[in-house]
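Encoded as structure tokens, the structure appears first; notes follow it.
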Amino acid sequence: MAAFLYPASGLTLLPRFVRSVFPMVEQELSLWQQYAQENGMRELADQALASISSKKFHCQGGSVYSLYKGVPTRNFVRLVVALQTISDYLDNLCDRAGFADEAAFRQLHLAMTDALDPSGPLNHYYANYPFKDDGGYLAKLVNTCRDEICKLPAYHLVKAELLRQATLYSELQTYKHLDLAIREQKMLDWINSHLPEYPGISPWEFAAATGSTLGMFMLCAAAYNPELTQDQATKISRAYFPWINGLHILLDYFIDGAEDRLTGDLNFVAYYDNNQQTIERLSYFSREASRQTAALPEPAFGLTVVNGLLAMYLSDPKTDSPDERTIRNNLLDSAGLYPKFMYGLCRLLRRKNIL
């Protein structure tokens with residue numbers, strides 16, 4: 001399928017995204033679903049199928065980058081779905097295995113960096129994990145990413161930063177799934193080794209920024225441009241990490257706050273002192289993310305992504321309870337008219353079960 005030209009407005013991008021890209025995501029996920037059903041031991045296949053079923057929206061959201069200027073849409077959807085499915089599958093393996101082993105989680109997450117480095121060998125991802133036979137599922141996901149990455153003419157300009165972000169992501173996932181008694185200190189030791197490079201953000205805001213795959217998708221999309229410069233790649237990196245990535249995950253944790261309080265799950269937004277601080281810090285990330293997009297090669301696209309994050313997450317029904325509604329309304333008020341309009345559109349799409 002020919003690449004979409006980037007539309008001037010998110011109001012035209014969103015309908016194209018839903019009508020054209022969502023079906024491609026469904027097609028790709030159905031192929032992985034079928035593979036998991038037919039291959040490997042039941043314990044691993046069940047986690048693969050559960051991650052596809054419950055986290056499909058991650059692939060849908062990341063596939064917005066298939067509409068970036070010059071990107072062949074179907075190829076990029078294939079890359080996004082494969083990389084995001086690795087992420088979601090590994091999250092399930094770490095979260096639902098019934099044990100917490102740092103070496104096992106670290107070894108599993110080598111799949112993230114292997115997927116982004118076509119020149120290296122594949123690792124034995126299950127070496128320290130109790131279940132090992134996935135019928136080739138994870139290796140096939142990794143090789144699908146590699147096949148698509150080899151089509152990017154400017155990949156050499158973004159590879160180092162992609163691997164850095166993938167490594168940080170993998171470290172976060174390794175530490176956040178450890179036993180509660182050691183998890184927080186392990187995470188702080190890791191965070192504090194990086195935090196001096198990012199003045200003005202808290203340890204848990206840095207951790208949030210490491211938890212997003214959006215920067216990886218954007219860098220891959222930009223690498224389709226054979227005329228991409230190193231300066232442009234650096235500006236993309238700085239905009240996404242920590243600002244757009246951070247906004248993404250802070251919003252994700254915000255809408256899950258009530259649920260995580262009940263289950264005792266880790267939540268970075270819970271480290272804010274009160275609702276007012278939550279409003280101030282999320283508003284700050286929103287403003288900074290929007291400001292950073294002005295320096296990007298396609299600034300209108302970048303701004304649409306930021307506004308889309310606000311609209312998608314704040315339109316979630318989880319934000320309708322009193323405390324969350326107050327925070328949501330403050331964030332929308334500070335963001336401006338255009339994000340509010342996109343928010344209304346997303347609420348409509350949710351009512352129609354499209355989102």
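The values are calculated or read from the model by the stated rules, or taken from the named source; none is laboratory data. The structure displayed is predicted, hence computed values, not measured ones. No Cβ is skipped: glycine too gets one built from the backbone with ideal geometry, and neighbour counts run over all protein chains shown.
So here's what we get for this one:
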quantity: The one condition in (1) more than 22 Å from Lys69 (Cα to Cα); (2) loosely packed, with under 15 Cβ neighbours inside 10 Å; (3) modelled with pLDDT of 95 or more that Tyr313 fails to fulfil; calculated: (2)
quantity: Condition check for Thr293: in contact (Cβ under 8 Å) with a residue 60 or more places away in the chain, among the β-branched types (Val, Ile, Thr) and either surrounded by 15 or more Cβ atoms within 10 Å (Cβ to Cβ) or under 26 Å from Phe22 (Cβ atoms) (or both); calculated: no
quantity: Filtered residue count, the stretch 62-87, keeping only those that are of a type outside the set (A, V, I, L, M, F, W, C) and crowded, with 24+ Cβ neighbours inside 10 Å; calculated: 8
quantity: Helices (runs of 4 or more DSSP H) completely within the stretch 267-338 that count 2 or more residues being under 27 Å from Cys220 (Cβ atoms), hydrophobic (A, V, I, L, M, F, W, C) and outside the structural domain of Gly61 (by TED's automatic domain parsing); calculated: 275-292, 299-314
quantity: Failed item, numbered, when Tyr240 is tested on (1) touching a helix residue (DSSP H, G or I) at 6+ places or on another chain (Cβ under 6 Å); (2) more than 19 Å from Arg106 (Cβ to Cβ); (3) among the hydroxyl-bearing types (Ser, Thr, Tyr); (4) surrounded by fewer than 24 Cβ atoms within 10 Å (Cβ to Cβ); calculated: (4)
quantity: Matching residues, the stretch 215-231, being surrounded by 19 or more Cβ atoms within 10 Å (Cβ to Cβ) and either part of a loop (DSSP other than H, G, I, E, B) or without any contact (Cβ under 8 Å) to a residue 60 or more places away in the chain (or both); calculated: Gly215, Ala223, Tyr224, Asn225, Leu228
quantity: Count of the stretch 136-167 residues which are without any contact (Cβ under 8 Å) to a residue 60 or more places away in the chain, outside any loop (DSSP other than H, G, I, E, B) and surrounded by fewer than 21 Cβ atoms within 10 Å (Cβ to Cβ); calculated: 10
quantity: Residues that are over 21 Å from Ala111 (Cβ atoms) and in a loop (DSSP other than H, G, I, E, B), drawn from the stretch 168-214; calculated: Asp179, Ser193, His194, Tyr198, Pro199, Gly200, Ile201, Ser202
quantity: Of residues in the stretch 325-355 being crowded, with 20+ Cβ neighbours inside 10 Å and of a type outside the set (A, V, I, L, M), the one modelled with the highest pLDDT; calculated: Arg328
quantity: Residue in the stretch 106-125 that is surrounded by the most Cβ atoms within 10 Å (Cβ to Cβ), counting only those that are out of contact with any helix residue (DSSP H, G or I) (no Cβ under 7 Å at 6 or more places or on another chain) and either of a type in the set (S, T, N, Q) or not in a helix (DSSP H, G or I) (or both); calculated: Gln107
quantity: Hits in the stretch 1-46 - residues which are surrounded by fewer than 18 Cβ atoms within 10 Å (Cβ to Cβ), modelled with pLDDT of 85 or more and not in a helix (DSSP H, G or I); calculated: Asn39, Met41
quantity: Ala103 vs. criteria in a helix (DSSP H, G or I) and under 20 Å from Gly215 (Cβ atoms); calculated: no
quantity: Asn92 vs. criteria in contact (Cβ under 8 Å) with a residue 40 or more places away in the chain, surrounded by 16 or more Cβ atoms within 10 Å (Cβ to Cβ), more than 26 Å from Tyr313 (Cβ to Cβ) and in contact with a helix residue (DSSP H, G or I) (Cβ under 8 Å, 6 or more places away or on another chain); calculated: no
quantity: Test: residue in the stretch 248-257 that is of a type in the set (Ser, Thr, Tyr), under 13 Å from the mean Cα position of the chain (by Cα) and part of a helix (DSSP H, G or I); calculated: yes
quantity: Qualifying residue in the stretch 139-146 (condition: of a type in the set (Gly, Ala, Ser), under 20 Å from the mean Cα position of the chain (by Cα) and assigned by TED's automatic domain parsing to the domain that holds Arg74); calculated: no
quantity: Residue satisfying all of: in the stretch 31-50; free of Cβ contacts under 8 Å to residues at least 40 places away in the same chain and among the aliphatic types (A, V, I, L, M); farthest from Asp88 (Cα to Cα) among these; calculated: Leu31
quantity: Hits in the stretch 123-138 (condition: among the hydrophobic types (A, V, I, L, M, F, W, C) and over 23 Å from the mean Cα position of the chain (by Cα)); calculated: Ala127, Phe131
